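Reading through the structure tokens given below for one structure.
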Amino acid sequence: MAVLIDNTDDEEVRRICAAHGDRPDALLEILHELQAARGWLTDDALRAVAHILNISRAEIHGVVSFYHDYRRAPPPRFVVKICRAEACQAVGSEELAKHAEATLEQGDDAAVEAVYCLGNCALGPAVMIDDTLYGRVDRVKFDALCKKYASGKEHAS
Amino acid sequence: MTGAVRIFVPCDAAALSVGADDVVAAISAEAARRKADIQLVRNGSRGMLWLEPLVEVETPAGRMAYGAVAAGDVAGLFDANFLAGGDHPLKQGETEKIPYFAKQERLTFARCGVIDPLDLKDYEAHGGLQGLGKALKMQPAEIVAAITESGLRGRGGAGFPTGIKWKTVLEQQSGLKYICCNADEGDSGTFADRMLMEGDPFSLIEGMMIASLAVGASEGYIYLRSEYPHAAATLRKAIALWEEAGLSGKREDGSPRFKLHLRMGAGAYICGEESSMLESLEGKRGQVRAKPPIPAISGLFGKPTVVNNVLSLATAPLILAKGADYYKNYGMGRSRGTQPFQLAGDIKQGGLVEKAFGVSLRELIENYGGGTRSGRPVRTAQVGGPLGAYIPAAGFDVKMDYEALAKTGAMLGHGGVVVFNDGVDMARQARFAMAFCEIESCGKCTPCRIGAVRGKETIEKIIDGKNAPENLQLLEDLCDLMTDGSLCAMGGLTPMPVMSAVKHFPEDFGGKNAGN
């Protein structure tokens, strides 16, 4: 089973690395682009990145596991990030998070994640769904947004 | 386009988060239906965030503001002839005469919300590029002297004099030097960097160009947090426009004299600490470096590096354009110039207030903020982000200035003010400070890595009423150790919110005089 595969014939990884001059200092950017293209970071892709950048897989693992953004498993259909930092706590984000965890159905294939500050601190509670920011999200607005994303209506925009 | 009425609707992320795009779509549709001749401009935010989406109409009497506008209000606005500044329940009057705005001293944010952020002509028409023009005719040491003379201090939180930092980098003998902009604005309650990058990105780029001329750097990096995808998109476009316009200068081989890169973080609060940001820029785990050496001597890739916050860099063009004295004349004591304060949390009129140093916290919260959004009494405000102190309402007369705040055991940080109502449980806030440190610690030094975990556990015991007096003593000892023994401000300042909560709100920690 433990066959070492040289995945440098992975054209997409090669292209992404080349766009950054195959420079190891651009590792975070390369990982971001790879994740954007494939949804998550697979073992094979990371092995290919290590090979191309000429750094060890241990170093890549160190980086991937340090930062909250990188995914090592397939993502759900949509990700709901609820700001749990102080400014949003002051306007009820903890209650919103509890509501979200209780109501977002498994069938929606959504993940509720904590995030610490979305820079929308005057209009909290702040929520980011995929890459879109929402402000003053109360329960009613939250439910409406999730319904929209679950039905796929927001994905085309 | 003559005759078209210009309508401004912000494309700032905060405005978008409450429906600015829907409002734009509604205005376009309604204008088409009524065959009204309009021109929509997507500006930055004026910073009056409770009025977002704030729609402004250019009239002969000035820009008239309507807010907060929902898509459903648009037909009514047309009915009320808002294109001519007509009356409507949402009309706020002339934007720049709204008291919240009129009483501010907008220097760094002078253009934000006024111009189209991606229109270089608009930028230049409002004073942009003047600072760079002057810098190009000056010697590096003269530029550094102007910045030093202005009294500008690092707006990221530490408040170190910017000119001295630049001077150190200028004095280094190195073929390669870097300008790094710290745009990892992770403090809760702060959004000034984001607002500026989305509302006036060229001022940051111009500031970085000026810094490069001052110290002899050829490359620059903006390290932007990934939680700001909208700011990233704006900055990317702004950098491309800047380069296309040939403003980065040219070398003999045709390459730009100053090459600017945008790099995204990946969700790590600690990367706002300058040395961990440098590690991250090198493609590594964002672990803090021991100092010395300071980045000005050995920074990115071991080269002399200027690391400045967005606001520090974006203020440099103004200082050069209007002179060091102009800037220095604002402020008090050793805090010169203006600070963009950010009002957040449970506050009625949340937003950005740029004022000279010396304004009181009470004035910000009561006069500008108008008290709480919930209508409940204010109990406390946390100033300076998650590592800043909780100041009780009785202490709101403190002047907002680096030294005055430090004297009371608080700090200014990046200028964020988070207001809490009387429902807040301060023991839980103290617990959160430790929990946040546990989640975001880089793990390099023990006081921070282990201290945060033990601190959280100890506060939980206090909350559960287990030996509260002994555990409070233990907590205080632990906080002393974290303050003295941590490698950076993450572990070193986490005790500030914790101990300020204990000191000012002992009743929440299960014992009287618990903080003594």
Query raised in the report: Given the structure, is residue B:117 within 29 Å of the chain's Cα centre (by Cα) and not in a helix (DSSP H, G or I)?
Result: yes
Requested in this report: Report yes if some residue within the stretch B:336-354 is part of a loop (DSSP other than H, G, I, E, B), of a type in the set (Val, Ile, Thr) and modelled with pLDDT of 95 or more; otherwise report no.
Outcome: yes
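What number of residues within the stretch B:296-314 satisfy the criterion of being part of a loop (DSSP other than H, G, I, E, B) and in contact (Cβ under 8 Å) with a residue 60 or more places away in the chain?
Residues flagged as part of a loop (DSSP other than H, G, I, E, B) and in contact (Cβ under 8 Å) with a residue 60 or more places away in the chain within the stretch B:296-314 amount to 5.
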Query raised in the report: Are there any pairs, at least 6 apart or on different chains, whose C-beta atoms fall under 7 Å, with the first in the stretch B:57-79 and within 17 Å of residue B:19 (Cα to Cα) and the second open to solvent by 50 Å² or more (accessible area, probe 1.4 Å) and in a strand (DSSP E or B), and if so, which?
Result: B:65/B:92; B:66/B:91; B:66/B:92; B:67/B:92
Query raised in the report: Is one or more of the residues making up the stretch B:383-393 in a helix (DSSP H, G or I) and either outside the structural domain of residue B:154 (by TED's automatic domain parsing) or at pLDDT below 95 (or both)?
Result: yes
Query raised in the report: Is at least one residue of the stretch A:31-42 assigned to a helix (DSSP H, G or I), within 12 Å of another protein chain (Cβ to nearest Cβ) and over 24 Å from residue A:152 (Cα atoms)?
Result: yes
**Report entry** Any hit, the stretch B:75-88, residues being buried (at least 23 other Cβ atoms within 10 Å of the Cβ) and more than 16 Å from residue B:6 (Cβ to Cβ)
**Finding:** no
Query raised in the report: Would you pick out the residues in the stretch B:262-307 that are of a type outside the set (A, V, I, L, M) and more than 24 Å from residue A:23 (Cβ to Cβ)?
Result: B:269, B:291, B:292
Report summary line: Only one of (1) out of contact with any strand residue (DSSP E or B) (no Cβ under 6 Å at 6 or more places or on another chain); (2) within 13 Å of chain B (Cβ to nearest Cβ); (3) over 24 Å from residue A:143 (Cβ atoms); (4) not aromatic (Phe, Trp, Tyr) does not apply to residue A:85, and that is (3)
**Report entry** the stretch B:245-301 - residue that is among the hydroxyl-bearing types (Ser, Thr, Tyr) and at the interface with another protein chain (Cβ under 9 Å from one of its Cβ atoms) and, of those, nearest to residue B:194 (Cα to Cα)
**Finding:** B:269
Report task. Could you please give the count of residues in the stretch B:425-438 that are open to solvent by 10 Å² or more (accessible area, probe 1.4 Å), more than 15 Å from residue B:385 (Cβ to Cβ) and under 25 Å from the mean Cα position of the chain (by Cα)? Result -> 2
Report summary line: Among helices (runs of 4 or more DSSP H) entirely within the stretch B:172-255, at least 3 residues that are open to solvent by 10 Å² or more (accessible area, probe 1.4 Å) occur in B:229-244
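To keep it simple, each residue is scored yes or no on (1) closer than 26 Å to residue B:284 by Cα; (2) under 20 Å from the mean Cα position of the chain (by Cα); (3) of a type in the set (Lys, Arg).
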{"residue": "A:60", "(1), (2), (3)": "yes, yes, no"}
{"residue": "A:81", "(1), (2), (3)": "yes, yes, yes"}
{"residue": "A:88", "(1), (2), (3)": "no, no, no"}
{"residue": "A:97", "(1), (2), (3)": "no, yes, no"}
{"residue": "A:100", "(1), (2), (3)": "no, yes, no"}
{"residue": "A:109", "(1), (2), (3)": "no, yes, no"}
{"residue": "A:112", "(1), (2), (3)": "no, yes, no"}
Report task. Tell me, please, whether a residue that is on the phi > 0 side of the Ramachandran plot and surrounded by fewer than 19 Cβ atoms within 10 Å (Cβ to Cβ) can be found in the stretch A:63-81. Result -> no
Query raised in the report: Can you name the residue in the stretch A:124-142 that is of a type in the set (D, E, K, R) and modelled with pLDDT of 95 or more and, of all such residues, is most open to solvent (accessible area, probe 1.4 Å)?
Result: A:139
Query raised in the report: Out of all the residues in the stretch A:19-30, which are more than 19 Å from residue B:222 (Cβ to Cβ) and facing chain B (nearest Cβ under 8 Å)?
Result: A:24
Query raised in the report: Of all residues in the stretch B:450-470 being within 30 Å of residue B:275 (Cβ to Cβ) and touching a residue at least 40 places away in the same chain (Cβ under 8 Å), which is farthest from the other protein chains (Cβ to nearest Cβ)?
Result: B:451
Report summary line: If we keep only residues of the stretch B:135-171 that are closer than 14 Å to residue B:296 by Cβ and among the basic types (Lys, Arg), then the residue least open to solvent (accessible area, probe 1.4 Å) is B:165
Query raised in the report: Can you tell me which residues in the stretch B:332-354 are away from every other protein chain (no Cβ under 14 Å) and either open to solvent by 30 Å² or more (accessible area, probe 1.4 Å) or among the polar types (S, T, N, Q) (or both)?
Result: B:332, B:333, B:334, B:335, B:336, B:338, B:339
Query raised in the report: Quick one: residue A:72 ticks every box in (1) more than 20 Å from residue B:187 (Cβ to Cβ); (2) among the basic types (Lys, Arg); (3) within 12 Å of chain B (Cβ to nearest Cβ) bar one, so which box is it?
Result: (3)
Query raised in the report: Residues of the stretch A:91-106 being touching a Lys or Arg at 6+ places or on another chain (Cβ under 9 Å) and of a type outside the set (A, V, I, L, M), which ones?
Result: A:93, A:94, A:95, A:99, A:103
Report summary line: Sole miss for residue A:79 among (1) at pLDDT below 95; (2) away from chain B (no Cβ under 14 Å) is condition (2)
Query raised in the report: So which of B:375, B:370, B:416 ends up being open to solvent by less than 20 Å² (accessible area, probe 1.4 Å), within 13 Å of chain A (Cβ to nearest Cβ) and modelled with pLDDT of 95 or more?
Result: B:416
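The values are calculated or read from the model by the stated rules, or taken from the named source; none is laboratory data. Please read these numbers as outputs of a predicted model, since none were measured by experiment. No Cβ is skipped: glycine too gets one built from the backbone with ideal geometry, and neighbour counts run over all protein chains shown. Just the protein is used for accessible areas: all its heavy atoms, side chains included, with ligands, DNA and RNA removed. Shrake-Rupley method; radii C 1.70, N 1.55, O 1.52, S 1.80 Å.
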